[in-house]
Amino acid sequence: MTDEDRLIYQLTLHRDLVGWVIAKLTEAGIASQRTTGNDPKGDILIVAPNEASQVKEIIRDIHNQYNRENIKDSQSTVEGRETNLPHIEIKTTYLSGKAVNEIIDTATVIAVVSADQISGPGKAKFITAGIAYAENIPLNEFRDV
Amino acid sequence: MFDISFYSANGEPSDSVRITADTYEWLAKSAFSKIGGESIDIQINLDEEDVILPLVELDRDIRQKLRKFFRSAIISESDAVIAKLGDYPSKEEYQSGTYRLRKMLELLKCVENENYQYLQRI
């Protein structure tokens, strides 16, 4: 597979994972929208800002469903992150270092969902910043949604 | 959102440019995805963890090709942006209209920074 094919493949994974998360939120009665164009605020907009904490709860539950519980990995200490434009960020590759800081700097992202792993220090930074996360979502769960 | 990341030989220092799916798609369909051939799995140390990532080594020739690609993309994009924005764009029009241009400039700066030895585009 060429790099061009692999970039296109990442785009399809990303599109499908966005659709899967929106479907999960809809099941819980939460309205959300896929962002379009070059919107840097995130991939999914939560329509009602007052549902942000419920969304974070759902994302934490999704994380616990696919990852073994671990004290170091506990998100119970996640605090509030105030924004009137809450968004979810979708990732498909390993997330660490500066890429984590870029998400925190948005001030609009309240949760991150990834098909891959998030580094240990990256998760700790998300907890401090009040951002919920769900990592390692298996491909067979969300492909072709 | 997607990240185009740059790493030094040991992993750190590093930098990441966060881009939208629209801009990533544009890059995927451009020469950017072909320069340097296929990414190779290389082990580096990031956030105190050893990780294996698909990377392109930024040797002199590849760095030069990427530099040329971004410089030329920035010139064409500047032309398009000036034509599109007109004289009195609103703040929103300015922010969305210049988005890709600003990202190209960030990417060019990383490509030109010789502290970075590897590029991660996938």
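Every number in this text was worked out from the coordinates using simple rules, so none of it is lab data. Note that the structure is predicted; figures quoted are calculated from it, not measured. Glycine gets a Cβ as well: all are built from the backbone with ideal geometry, and neighbour counts include every protein chain shown.
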Region B:63-97-region A:1-53 distance, computed between alpha-carbon centres (Å): 26 Å
Which listed residue (A:TYR94, B:GLY37, A:THR26) has the Cα farthest towards the positive end of the charge dipole for the protein assembly as shown, taking +1 on Lys and Arg C-beta and -1 on Asp and Glu C-beta about the Cα centre? B:GLY37
For region A:13-24, Karplus couplings with θ = phi - 60° (6.51, -1.76, 1.60), whole Hz, Gly/Pro x: 4, 4, 4, 5, 5, 4, x, 5, 5, 4, 5, 4
Quick one: which residues, 5+ away or cross-chain, put their amide H under 5 Å from the amide H of B:LEU46? H built at 1.01 Å from N. B:VAL51
Each residue of A:108-116 has, on average, a number of other protein chain C-beta atoms within 10 Å of its C-beta equal to 0
Expressed in angstrom and ordered largest first, the alpha-carbon extents of region B:2-120 along the principal axes are 49, 29, 23
Counting only residues 5 or more places away or on other chains, whose amide H sits under 5 Å from the amide H of A:THR35 once H atoms are built in the peptide plane? A:ILE44, A:LEU45
Given A:LYS41/B:LYS29; A:LYS24/A:LYS123; A:LYS41/A:LYS125; A:LYS56/A:LYS125; A:LYS98/B:LYS29; A:LYS56/B:LYS109, which pairs have Cα atoms separated by over 27 Å? A:LYS56/B:LYS109
For the protein assembly as shown, what are the per-bin percents of Cα-Cα distances with bins 5 Å wide, up to the bin holding the maximum? 1, 6, 13, 17, 18, 17, 13, 9, 5, 1, 0, 0
What distance in nm lies between label points placed 7 Å from Cα along the C-beta direction at A:ASP116 and B:LYS29? 2.4 nm
What distance in nm separates the two pseudo spin-label positions at A:ARG68 and B:SER72, each 7 Å out from Cα along the beta-carbon direction? 5.1 nm
Under the 0.36 nm per residue contour assumption, what length would be gained going from the current alpha-carbon distance of B:GLN95 and B:ASN45 to full extension? 14.5 nm
Average beta-carbon neighbours from other chains, 10 Å sphere, peptide B:73-81: 0
Using only Cα atoms, tell me the angle between helix B:60-85 and the longest principal axis of chain B; keep it within 0 to 90° and round to the nearest 10. 20 degrees
